[in-house]
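One structure is given here, and the rest of the page talks about it.
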Ligand SMILES: [Fe+2]
């Protein structure tokens with residue numbers, strides 16, 4: 001069984017913009033349902049490192065534009081899309097993902113964009129600081145894909161094979177670890193995803209993630225990306241998903 005995702009709403013840069021009293025007397029009438037839910041305003045999370053911290057794999061200008069412009073736009077557009085949807089605005093982002101087929105393209109694209117990028121930043125670390133796969137995760141990867149090298153090859157194949165913009169993922173499903181890819185800002189939490197599960201690793205293969213340094217050489221970007229994977233974060237996600 002999949003456990004709830006390890007990414008807390010707070011970690012996604014979500015802020016409740018109204019507060020509730022917890023001191024109401026028992027004799028008081030119950031508050032209307034609408035007053036018991038607080039609308040969420042999403043905010044751009046800080047990067048957990050400097051823009052130039054991933055140099056060698058990803059240049060500082062790409063990181064600055066990617067975080068400060070692209071991710072910021074997803075946050076702003078998500079808030080705008082939810083402004084006229086107060087009921088949806090009170091639900092955690094993960095809940096919206098699970099019923100995304102019923103929601104607007106704006107919520108799908110920008111909610112996915114905010115979720116995916118918030119995860120992506122945490123799944124990278126300066127080279128040499130991201131640790132190594134835990135014994136448990138490494139053993140599962142070996143058992144599932146044959147070896148770590150075979151896993152990386154299959155992951156890179158999914159990432160290079162994603163036509164146009166999208167993402168590649170390692171996810172924990174009810175049937176174990178699987179590699180998948182998604183178009184645009186879709187992700188494995190969405191009810192529309194071909195492979196659903198809890199993300200363990202994710203890589204952004206939109207051109208905005210690599211074009212300044214690598215131009216059209218997505219495969220070169222992916223090969224360098226492994227140098228800045230934050231395995232410590234992946235290990236935590238794996239432990240939570242088990
Ligand atoms: Fe991106």
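Here, each number is a calculation from the coordinates, and none is a lab measurement. What you are looking at is a predicted structure, and each value in this text was computed from that prediction instead of being measured. In this analysis, Cβ positions are derived from the backbone assuming ideal geometry, glycine residues included, and neighbour counts consider all displayed protein chains.
A few remarks follow.
- Measuring how big region 102-142 is from its alpha-carbon positions, Rg and Dmax come out at 15.7, 43 Å.
- Residue 134-residue 76 FRET efficiency (beta carbon distance; Förster radius 35 Å; 0.05 resolution): 0.45
- Overall form of region 124-226 per C-alpha gyration tensor (a/c, 1.5; a/b vs b/c): oblate
- Computed E for residue 154/residue 98 - FRET, C-beta separation, R0 35 angstrom, nearest 0.05: 0.85
- Net length gained if the chain between residue 59 and residue 211 were fully extended (0.36 nm per residue, minus Cα distance): 53.7 nm
- Both the radius of gyration and Dmax for region 70-192 are 16.4, 49 Å, in that order, over alpha-carbon atoms.
- FRET efficiency for residue 142 and residue 38, using Cβ-Cβ distance with R0 set to 45 Å, rounded to 0.05: 0.50
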